[in-house]
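The values are calculated or read from the model by the stated rules, or taken from the named source; none is laboratory data. Since we're looking at a predicted model, the values are computed, not measured. Cβ placement follows ideal geometry from the backbone for every residue including glycine, while neighbour counts extend to all protein chains displayed. Ligands, DNA and RNA are excluded from the accessible area calculation, which covers all protein heavy atoms including side chains. Shrake-Rupley method; radii C 1.70, N 1.55, O 1.52, S 1.80 Å.
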Amino acid sequence: MQELEEYEIIKQKKIKLNEKPRPLEFTVLATHNFARASILKLPHGEVKTPVYMPVGTKGAMKGVTYQEMDDMGCKLLLANTYHLAYKPSGDLLEKVGGLHKFVNWKHNILTDSGGFQMVSLSQLSEVNEDGVTFESPYDKTIMHLRPEDSIHTQNQIGADIIMALDDVVRTTTVGPRMQEASERTTRWLDRDIAAHKRKEDQNLFPIVQGGIDPKLREQSLDDLIQREANGYAIGGLAGGEDKVDFWKTVAQCTAKLPNDKPRYLMGVGYPVDVVVCSCLGVDMFDCVFSTRTARFGTAFTDYGFLKLKNSEIANVFQPIQQGCQCQACKSYTQSYLHYLIAKEQVACHLISIHNLNYLIQLMLNLRQSIIDGKLIEFVNQFLKKWYQKEGQIPQWIIEALDYAKIPIQQI
Amino acid sequence: MKKSPLFIYTTRMGSYYHLTPFNQQALNLDTCLLSAGDFIQMENTLKKLQSETNISFRQYINQEGKILYMTSIDSYKMKCVEGLSNLDGVKITSLEGKKIFTNQQYNNLARLINPEILVSLTELPEIQAGNKSLKRSSQKSARFLKESLDQLKDTNIGIFGAIQGGLETDFKIMAAEEQKFAVDYPNFRGFTLYGFNQGSNWQQKEDALSVVQSVFDGYNLQYILAGYGDIISILWGFSLGIDGFEVEEPFRYASDLKALLPPKFDAKKDELEQFSGDQINFYELQDKKIGYMNFPINSDVKDNVPLISDCKCFACQNHTKLYISHLVECKEMNAQVLLTIHNTYQYQLLQSKLQEMQNQKQVNQWIRWFLQQL
């Protein structure tokens, strides 16, 4: 693939004398309205965006080794502070030189603050201005986590991008609690920034909140943009809201967030959603769905989800996806995986590898289509195949892409 | 057998436990144990594969170029074969539960799979089986062997008989005598020996093996030891003339979250000269055990080192005890992946060393040198 004058653009940037290199550089190479094809340069190397970031919650990728992730071309993946703080602990990670060294991963890592896990996984979750009180799911002890604590642990973990601790509420929450959460997230951000001790090599991303309330979102956007972070996350979505509210909220955020900073949409990883939101101007995505659904035997294909456990798969002697270069598709047929799933874990590893590779390649191909000026064609082909069985592309997608100036032909 | 000793690694439907093709690259696995029970409900699929596609069975399971060893009994799966009063077959455990499986079906499956080595169908007697049960098992095994030799004579499949009878010398002799007819068949290669997983009485094992070998003294047969394939049994068996070993120990240990920690494999030449070259005696194996590490461990920064300091396996070159312990504590599957790689690599080193020593005619000296480190 040819990068459009990528290296020319980078060479032309002049570095001032005595200026310390920033831990993040973001260079937009090409655009199609809101969509951008960019290079994100982080302390552990370059990442082509838009990008899907696989999730290795506890310092592992659910049966897929980090070497296999490298082999797939992954340059940036996630780990989770909430879990790592308990095992193996921030202190131990600091002693061994950080998570990169602990797991032997030479590319980039992003750590989530743990806010979402606290309220979704823990009993007795209570939030006040100081922080969150919750019961540890590991040993039932009562824990209290403040923004300072989350940042301290993330400093110890040593990821390239760290997330501000936010006051997490359900997406569909309305009324005073949503406003309280949104405003508190901003106040906590200031504490996160003050507590952050590694500004020279770790990028702290604030998280835009406000649910699906446009006014709260606008306020949150204004507050966070004032703080001039190196990048921004869009949080509080993918929580069961209506799809129209979903895309409109994403669009509102990307329209306002600075063009020269990366935008990370948290918890979104369905193929259709990442395509649509890339067109709306999002650069980074994460979601556990790809590996979680793999463990139940579901694989991603251009024509939608393939349930490998279904009986009709037993005699399909084709790979999961023709042309896919992942080791599952190069080595095995759907038939074999169908039988193996019921017997041996390695089948789940293989399907996980396929799904991860699918999303990584989807993003690379989408990115290239922006560079080549063929995004409209790419998106139309993708949707036509994805919805071929259903026979119709959902209206919210057509509207969202229309807003992004990508006309879609209905099937 | 192409190389001796032959290590026959157990698989599930042809896939090594915990190992994707990527992770296999670092290991030179060249054999596959295929358990018939894994394929019973796939017969229609395998027939379609053969008749409707140009994908070979080996391509289907992604094991081209490997030695395929098909058997009905797989030690990794408990009670996969049970006895049946019906003389035509046995009960085999499949995904859909226990099914009656005739020898005809077994041979038909063998045609579809076309392994290099087929162990004839056998009935596994209960551990405390009575004489009647053992006799029936022995007679059926002999009958099944004859049928396989007759029915598959037009293939290139090399057939092994199955000697049951536990460690009872009388029953071992009975089983061996009942299958002696097989030496006249051109497609007959030797015997797979069962019952040696039981206990650790090496004298009993030696006696049981020697009575079988004495029945076939003078015949150029190959012997494969069925079972776990633990290292001590391999050393014992190889010294006593066994050519191949079913191996499941590396995977079993990994599933149990254990890392094998064998002693050094490389001896200096003058270190071997002090040891006798005679066959290993049973008493030399008493209380000998290969070290291992149980995970999780009490994690400390000092454990941020490989499992074995100079081990060249992928797991030790890329990860540490501390990390593996973390994976175990977090119940992450990658722990078994890394432990499988490490454990299997130790077996590869062992196999390589035994072959080298065989070429140098110093096998027994080396085995004694190795054992004295334990």
- At a Cα cut-off below 12 Å, give the aspartates and glutamates reachable from A:Lys385, other chains included and same-chain residues fewer than 8 away excluded. A:Asp302
- When each of A:Lys48/A:Lys384; A:Lys75/A:Lys95; B:Lys91/B:Lys288 is checked by Cα-Cα distance, pairs over 29 Å: B:Lys91/B:Lys288
- Message: Running a GNM on chain B with Cα contacts under 10 Å, which residue among B:Lys48, B:Lys312, B:Lys289 ends up with the highest mean-square fluctuation?
- Response: B:Lys48
- Message: With only alpha-carbon atoms in the gyration tensor, what are the semi-axes of the equivalent ellipsoid for region B:48-194, in Å, largest first?
- Response: 27, 18, 13
- Query: Expressed as a rounded percentage, what relative contact order does region A:293-403 have, with Cα pairs under 8 Å and six or more residues apart?
  - Reply: 27
- Query: What residue among B:Pro21, B:Pro306, B:Pro296 shows peak mean-square fluctuation when chain B is described by a Gaussian network model with Cα springs under 10 Å?
  - Reply: B:Pro21
- Please state the Cα pair-distance histogram of chain A with 10 angstrom bins from zero: what percent is in each bin? 5, 22, 32, 27, 12, 2, 0
- Counting only protein chains, not ligands or nucleic acids, how are B:Arg252, A:Arg22 ordered by accessible area (probe 1.4 Å), most first? A:Arg22, B:Arg252
- For each cysteine in chain A, check whether another cysteine's C-beta sits under 4.7 Å from its C-beta; list those where none does. A:Cys74, A:Cys253, A:Cys277, A:Cys279, A:Cys287, A:Cys326, A:Cys348
- When the helix-only estimate is applied to the protein assembly as shown (DSSP H runs of n ≥ 4, each -39,500 (n - 2.57), divided by the residue count), what is the mean residue ellipticity at 222 nm, nearest 500 deg cm²/dmol? -11500 deg cm²/dmol
- Whole-Å distance linking the alpha carbon centroid of region A:157-186 with that of region A:263-303 is 22
- Amide H contacts of B:Val247 (H built 1.01 Å from N, under 5 Å, at least 5 apart or other chain): B:Ile8, B:Tyr9, B:Thr10
- Message: Past 30 Å, Cα to Cα: identify those pairs from A:Lys87/A:Lys215; A:Lys87/B:Lys258; A:Lys106/A:Lys343; A:Lys343/B:Lys353; A:Lys101/A:Lys309, in the order given.
- Response: A:Lys87/A:Lys215; A:Lys106/A:Lys343; A:Lys343/B:Lys353; A:Lys101/A:Lys309
- Cα Rg, Dmax, chain B, angstrom units: 21.0, 63
- How crowded by other chains is A:343-356, given as the mean number of beta carbons from other chains within 10 Å of each beta carbon? 4
- Query: Within chain A, what is the longest stretch that has no GluC sites (Glu not before Pro) placed in a DSSP loop and near at most 13 other beta-carbon atoms within 10 Å?
  - Reply: A:229-389
- Query: GNM, chain B, Cα, under 10 Å: largest mean-square fluctuation among B:Ile297, B:Ile117, B:Ile280?
  - Reply: B:Ile297
- For the protein assembly as shown, what is the Kirkwood estimate of the hydrodynamic radius, computed as the reciprocal of the mean inverse distance between distinct Cα atoms, to one decimal in Å? 29.3
- Scan region A:381-411 for trypsin sites (Lys or Arg not before Pro) in coil per DSSP, keeping those whose Cβ has at most 12 other Cβ atoms within 10 Å, and list them by number. A:Lys389
